[in-house]
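The values are calculated or read from the model by the stated rules, or taken from the named source; none is laboratory data. Keep in mind the model is a prediction, meaning the values are calculated, not measured. In this analysis, Cβ positions are derived from the backbone assuming ideal geometry, glycine residues included, and neighbour counts consider all displayed protein chains. Side chains included, ligands, DNA and RNA excluded: accessible areas come from the protein's heavy atoms. Shrake-Rupley method; radii C 1.70, N 1.55, O 1.52, S 1.80 Å.
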Amino acid sequence: MAGRMKVDTAAIRSRHPHYFGPPARDRQVLMLAGAAAVILLVAAMAELGFFGAKLIGGIDKLGDIAVLMMPPSPGDWAHVRLYLLSLMETIAISFLGTLLAAVIALPIALLAARNVTVQRVLRFFTRRSLDIIRSVDILIWALIWINVVGLGPFAGVLAIMTSDIGNFGKLFSEAIEAVDRKPREGIVASGGGAVLGIRFGILPEVFPVLASQVLYFFESNTRSATIIGIVGAGGIGLHLAEAIRTLELQQVSFIILLILVAVAAIDVVSNQLRFALIGRRARLA
Amino acid sequence: MASPVVHLPEAQLRPLLASYDAAVRSRRFHSLLVMACIVAAIGLSSVSAEVDLAKFFGNLGNFTSYIWRLFHLDNGAWVWADPVEWYWGAARWLRLLGETLLMAYVGTALGAIGAFFLAFLAAANVAPRPWLRLLVRRFCELCRTVPQLVFALMFVIAFGLGPLAGVLAMAIHTLGALGKLFAEVVENIDMKPVEGVSATGAHWTAAMRYGALPQTLSNFVSYSLLRFEINVREAAVMGFVGAGGIGMDLIEAIRKFYYSDVSAILLMIVVTVAVIDTLTSMARHRLIGMEERH
């Protein structure tokens, strides 16, 4: 009874030619694309200098650097104070930049939302401007603002603000487009104007979503704020870049550790606030 | 005709109104408290971040004039009046732009390949060893929390100036970011195919290859394409720390006030990013469409 079943291969083959024939066209295209991707990868790696003595020598040096970074140490107490102060500066930059961006982006988002702005041309230009703002990196904004207000953390605040106006403008307008239109219609029907319709018909509904997005960006901006110091826009990045350039490697690892701890702390705090605002279940959405 | 609205007697109404007022008052108090906290935080951070509104509004003219100068050539004409003069360095910039794209491609590809292997070790449902899983997770976390530019700065010391340092920094960051996302994809698969393959006595690798991989591949590619989009932007600024790409020329132009060069390079970057965004989102939609047909 437990004997092996005789398999009639020919019959199966004739019943399911699909599984035995040559690979389908989809599959062939995919395989060709995969092969092209691999060839491009190898060619690009050759072009960028992967297959040379530079890579081997570099990895060797990287090992030395990693050894020299241990253990993390700030040097002396004066440095600890300096680093903690500039870490606070970093968090301040991120907080102010995010808040300003949120305040400025809200009216812009209303202009970009389909259900608020009926004027198609206006909406189009608002959206394209937001796209352009978003495709310029935060470091470039930092460099531009340094030209306006000089070196220092204020330029960093403005850089984070500018680049987040682009992000918030898009996210906020999507949130506004997703609202239920009935409350607003009710307000307009009972004699409220457009402004009242937005204030009482849209804002109460989107506020928790917007606030949670702002908190989320506060955390990611703290990461960005650590690097804008590299181009001179304040915060701990200045000290980090300086320590790397002068090869104070133990201080480098100390600062990196400090940043990791700060980002983790802000992550926890902003998550708590977000849950308080929108409830734990909304996290899944 | 009697009004349909029911009027409660005064005596019954008073306690209800009082409790309503109390509820409103406590909410108002709560919001005021939150506002006060935010205002205090703004005050503190403004001091720390050296916010100087007088300077800002005094120099705001600089911003508009800066933008104005960006679009004027040295001889005072608008840049688009003489595109040849505006894009005098087109050959060099195009080469650097190509290098930037290659950096983004190689960085994404290497990171994605690494993340691909790590994901199966880090996913809670298929991980072969719990201690290995924790180790891989912490490793990915470290890779994505340290900013890309910090890696780039250190790699420039080890590998010298040039795109190699930038690509490796990008690959490490991508490894961390995609490692997490890929692991989440693997955690969301249907376990029945994996169990089926294991039940035939197959090794762990075979179970992954035939049970898990077919369910995850399209999501992997989709996330990698998204990451590629991000990496193109990032690659454009790698040059700021000497790690290759068009950023090197951009920061030089900004620092030396070659205004029309700045706008020329920025425009190239913005257009490239827009084109890449469109192409990758098209590819992702094709991919999702193919997924649904099967």
Q: Determine which lysines satisfy two conditions relative to A:Lys6: a Cα distance under 30 Å, and not lying fewer than 8 residues away in the same chain.
A: B:Lys192
Q) So what is the 222 nm mean residue ellipticity for chain A from helices alone, if each DSSP H run of at least 4 adds -39500 (n - 2.57) and you divide by all residues, rounding to the nearest 500 deg cm²/dmol? A) -25000 deg cm²/dmol
Q | Distance between modelled label sites at B:Thr205 and A:His16, nm, 7 Å Cα→Cβ extension | A | 2.6 nm
**Q.** Assigned charges on the beta-carbon of Lys, Arg, Asp, Glu; the protein assembly as shown dipole about Cα centre (debye)
**A.** 1700 debye
Q: State the three equivalent ellipsoid semi-axes of the stretch A:148-252, derived from the C-alpha gyration tensor as the square roots of 5 times its eigenvalues, in descending order and whole Å.
A: 43, 13, 8
**Q.** Charged-residue dipole, Cβ positions (Lys, Arg, Asp, Glu), chain B about Cα centre, Debye nearest 20
**A.** 720 debye
Q: Using a Gaussian network model of chain B whose springs link C-alpha atoms within less than 10 Å, name the residue from B:Pro15, B:Pro83, B:Pro214 with the highest mean-square fluctuation.
A: B:Pro15
Q | Carbon plus sulfur fraction of accessible area for the protein assembly as shown, probe 1.4 Å, in percent | A | 67 percent
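Between A:Arg25 and B:Glu195, how high is the FRET efficiency from 1/(1 + (r/R0)^6) when r is the Cβ-Cβ distance and R₀ = 51 Å? Nearest 0.05.
Numbers: r = 33 Å, r/R0 = 0.64.
Step by step, r from the Cβ atoms, then E = 0.95.
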(Q) Can you tell me how the stretch B:1-134 classifies by the Cα gyration tensor, rounded, prolate or oblate, using a/c under 1.5 as the rounded cut? (A) oblate
Q: Kindly write out, for the stretch A:212-219 in residue order, the coupling ³J(HN,Hα) from the Karplus curve 6.51 cos²θ - 1.76 cosθ + 1.60 (θ = phi - 60°), rounded to whole Hz, with x marking Gly and Pro.
A: 6, 5, 4, 5, 4, 6, 4, 5
Q | J(HN,Hα) series, the stretch B:15-20, from Karplus relation 6.51 cos²θ - 1.76 cosθ + 1.60, nearest Hz, glycine and proline x | A | x, 5, 4, 4, 6, 4
Q: Identify, among A:Ala276, A:Phe95, A:Ile176, the residue whose Cα sits farthest towards the positive end of the charge dipole of the stretch A:85-284, taking +1 on the Cβ of Lys and Arg and -1 on the Cβ of Asp and Glu, with the dipole about the Cα centre.
A: A:Ile176
(Q) Under 10 Å, Cα contacts only: if you run a Gaussian network model on chain B, which one of B:Leu101, B:Leu153, B:Leu267 comes out with the highest mean-square fluctuation? (A) B:Leu267
Q | Cross-link reach list, lysines versus B:Lys55, counting only Cα pairs under 27 Å and skipping chain neighbours closer than eight places | A | B:Lys256
Q) Using a simple spin-label model with points 7 Å from Cα along the Cα→Cβ vector, what separation in nm is obtained for A:Ala194 and B:Glu252? A) 5.0 nm
(Q) Mean-square fluctuation check for chain B, GNM, Cα pairs under 10 Å: which of B:Met248, B:Met208, B:Met170 is largest? (A) B:Met208
Q) Which of B:Gly211, B:Ser263, B:Leu94 sits farthest toward the positive end of the charge dipole of the stretch B:84-293, with +1 on the Cβ of Lys and Arg and -1 on the Cβ of Asp and Glu? A) B:Gly211
Q. Which of A:Ala233, A:Phe20, A:Ala142 sits closest to the plus end of the dipole of chain A, meaning its Cα is farthest towards the positive end, when Lys and Arg get +1 and Asp and Glu get -1 on the C-beta?
A. A:Phe20
Q) Given a 1.4 Å probe, how much area per residue of chain A is accessible, in Å²? A) 56 Å²
Q.
Suppose only helical runs count, i.e. DSSP H with n ≥ 4. What mean residue ellipticity at 222 nm does that imply for chain B under -39500 (n - 2.57) per run, divided by all residues and rounded to the nearest 500 deg cm²/dmol?
A. -26500 deg cm²/dmol
Q: Could you run the numbers on buried accessible area between A and B, total for both chains, 1.4 angstrom probe, in Å² to the nearest 100?
A: 5100 Å²
Q. Can you list the residues of the stretch B:155-172 with backbone N under 19 Å from a point 7 Å past the Cα of A:Phe51, pointing along Cα to Cβ?
A. B:163-165, B:167-168
